[in-house]
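Novice: One structure coming up, written as structure tokens, with questions to follow.
The values are calculated or read from the model by the stated rules, or taken from the named source; none is laboratory data. All of these numbers come straight from a predicted model, not from anything done at the bench. Heavy atoms of the whole protein, side chains included, go into the accessibility calculation; ligands, DNA and RNA do not. Shrake-Rupley method; radii C 1.70, N 1.55, O 1.52, S 1.80 Å.
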Amino acid sequence: MDFFIYMRFCMFFSRFILFVIFIFPSFAFSEVLVPFDSDVESSCTINMRSPGLMVLNGFSLLSSGANGGRSAEVDIFTTGTDFRVFLNAPERFRVSPAGVGSVMFNASYSSSGATHASGVAGNDALKLGLGVSNISIDLNAEASGFVFPNGHYSADVTVICE
């Protein structure tokens, strides 16, 4: 009886193997590794997010930090750690009403993200961290010996990353 069970098992198993071979034929598999390389250069990219807004604070000061004013926002993207940022305040308005006299500009900035700092004088350089630094810029324009007359004023702060 053991012999008959053994024979039945062999017949069943051989049919099962044929079924598996028929349904799942064998394939020759091969594989290859395909490499990808990259060289990332050190770079510093400045992206303006939003312009600032100066409002009159008294009669002889336009300021982005005054009530109703708005700081300008830029993002600086760095792929290296040897970069620093600083600002150049304007020497004069790009646009202003006729008759505007001498003006003293003062820029400052703060940073969050990859670089953290607060209340940095514009011409003071700040070492940037690796990644994205969110820079908030404020600008003041102080009149020297006159009152700002009504009209449109516009000035540009230069953001430098080197």
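Novice: Using 0.36 nm per residue, how much length does the chain from HIS116 to ARG92 gain when fully extended, once their Cα-Cα distance is taken away?
Specialist: 5.7 nm
Novice: Quick one: Karplus J couplings for the stretch 47-57, per residue in order, coefficients 6.51, -1.76, 1.60, θ = phi - 60°, nearest Hz, x for Gly and Pro?
Specialist: Those phi angles translate into 10, 6, 8, 7, x, x, 9, 9, 10, 5, 10 Hz.
Novice: Could you sort THR78, THR45 by their accessible area in this structure, using a 1.4 Å probe and putting the largest first?
Specialist: THR45, THR78
Novice: Return one whole number: the accessible area per residue of the stretch 40-162 in Å², for a 1.4 Å probe.
Specialist: Heavy-atom SASA per residue in the stretch 40-162 reads 56 Å².
Novice: Can you give me the solvent accessible area of MET104 with a 1.4 Å probe, rounded to the nearest 10 Å²?
Specialist: Looks like 130 Å² after rounding.
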